[in-house]
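Here's the structure we're looking at; comments come further down.
The values are calculated or read from the model by the stated rules, or taken from the named source; none is laboratory data. This one's a predicted model, so the numbers in the text were calculated from it and none came from an experiment. Neighbour counts are summed over all protein chains in view; Cβ atoms, including those assigned to glycine, are modelled from backbone coordinates with ideal geometry. Surface accessibility is based on the protein's heavy atoms, side chains included, excluding ligands, DNA and RNA. Shrake-Rupley method; radii C 1.70, N 1.55, O 1.52, S 1.80 Å.
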Amino acid sequence: MRHEIDVFSSAISFSEQDVRNKTVVVIDVLRACSTIQTALEHGANGIIPLAENDDAGRYFGFLDASSMLLCGEKEGKKVEGYKLGNSPLEYDRKTVENKTIILKTTNGTRAITRSSGAREILIGSFLNLTAIVEALKTQDHSEVLLICSGWNSRLSIEDLLCAGAITHQLFEAHLPDDATDGVKVSYGLYEKFGSNIPALIQSSNHAKRLRDIGFEDDIAYCSQIDVFSSVPGFHEGVISIR
Ligand code: MLT
């Protein structure tokens, strides 16, 4: 099926109307979507993403610590009192298996919750790149938005590169003449830098921020392609493997 597809560049770059009746892929390579994928692959029951105005503190009182973990970051660092931050490397099987994770991140969970009026919401990163493309190819619905989470309303090059990788595979390396500006830019970025994805990610603004606060290993981890073959989806407030 021929897909009508567009690319948005930050968690706040789209409206409720934009996503209505569309299939949305939320992308946050560094790091929320890579972390969500990893947690689910390691046996987490589900992830509840918190919206920007949700106060995670209200969960403290009644959280059953044996089955739920309050997790997330502020400026990339674990929030005081939370069980885990937003490093995918923290989400090992021993820690997350059979747990429900309440996750609040600066841009990724914001993009996910802001998309909640969409027809279907998928969670994408380089870790599940081909699985996302296959999911889009096999669905009967043709209107797709790739939402790059970005950073504080700005574009993040690693998210745009991932959107480009998706469009490149989806269009089988033939950019349609009527592609939108967002598709053209992301596709062109992938054509120029797709042969060395880890290097481009290492050079990104957010990789520098993460290195500065000691998360060097996360960058290499999140730059891996097709480590997993599942697609998480966000449905009725919870993210789980579709
Ligand atoms: C976000 O949601 O803004 C990110 O995933 C930030 C981070 O690297 O923790």
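Among the listed pairs 83/104; 184/208; 83/208; 74/208; 78/104, which are separated by more than 18 Å between their Cα atoms? Flagged as over cut-off: 184/208; 83/208. Result for the chain in a Gaussian network model with C-alpha springs under 10 Å: among 143, 80, 90, the largest mean-square fluctuation is at 80. For the pair residue 67 and residue 192, label points projected 7 Å from Cα toward Cβ lie 5.1 nm apart. Projection of the Cα convex hull of the range 1-86, averaged over all directions and equal to a quarter of that hull's surface, yields 7.8 nm².
Given a 1.4 Å probe and the protein chains as shown, residue 225 ends up with an accessible area of around 80 Å².
Would you calculate a helix-derived [θ] at 222 nm for the chain, using -39,500 (n - 2.57) for each DSSP H run of n ≥ 4 and dividing by the full residue count, to the nearest 500? Intermediate results must be reported in sequence, preceding the final value.
On the way: 10 runs with 83 residues, N = 242.
Rounded to the nearest 500, it is -9500 deg cm²/dmol.
Placing +1 on the Cβ of every Lys and Arg and -1 on the Cβ of every Asp and Glu, with nothing else charged, gives the range 4-241 a dipole about its Cα centre of roughly 640 debye. Taking 19 Å as the cut-off, the amide N atoms of the range 92-127 that come nearer than this to a point 7 Å along the Cα-to-beta-carbon line of residue 229 belong to 123-127.
Seen from residue 175, the other residues with C-beta closer than 9 Å to its C-beta sum to a net charge of -1, counting Lys and Arg as +1 and Asp and Glu as -1. DSSP finds beta bridges in the chain, and of those with both partners inside it, around 30 percent are antiparallel. Applied to the range 148-164, the Karplus parametrisation 6.51 cos²θ - 1.76 cosθ + 1.60 on θ = phi - 60° returns per-residue 3J(HN,Hα) values of 7, 6, x, 9, 6, 6, 9, 6, 10, 5, 5, 6, 5, 5, 5, 4, x Hz, with x for Gly and Pro. With Cα atoms as the point set, the radius of gyration and Dmax of the range 156-230 evaluate to 13.5, 44 Å. Sorted largest first by accessible area at a 1.4 angstrom probe radius, with every protein chain in place, the residues 114, 154 fall in the order 154, 114.
What order do you get for 231-238, 117-124 when each peptide is scored by the mean count of other beta carbon atoms within 10 Å, highest first? Could you put the intermediate results ahead of the total?
Working: 231-238: 16.5, 117-124: 22.8.
Packing proxy ranking, top to bottom: 117-124, 231-238.
Put simply, the C-alpha atoms of the range 4-241 give a gyration tensor, and the ellipsoid matching it has half-axes of 27, 19, 16 Å, longest first. Using a basic spin-label model with each label point 7 Å from the Cα along Cα→Cβ, how many nm lie between residue 137 and residue 97? With each label placed 7 Å out from Cα toward Cβ, I get 3.4 nm.
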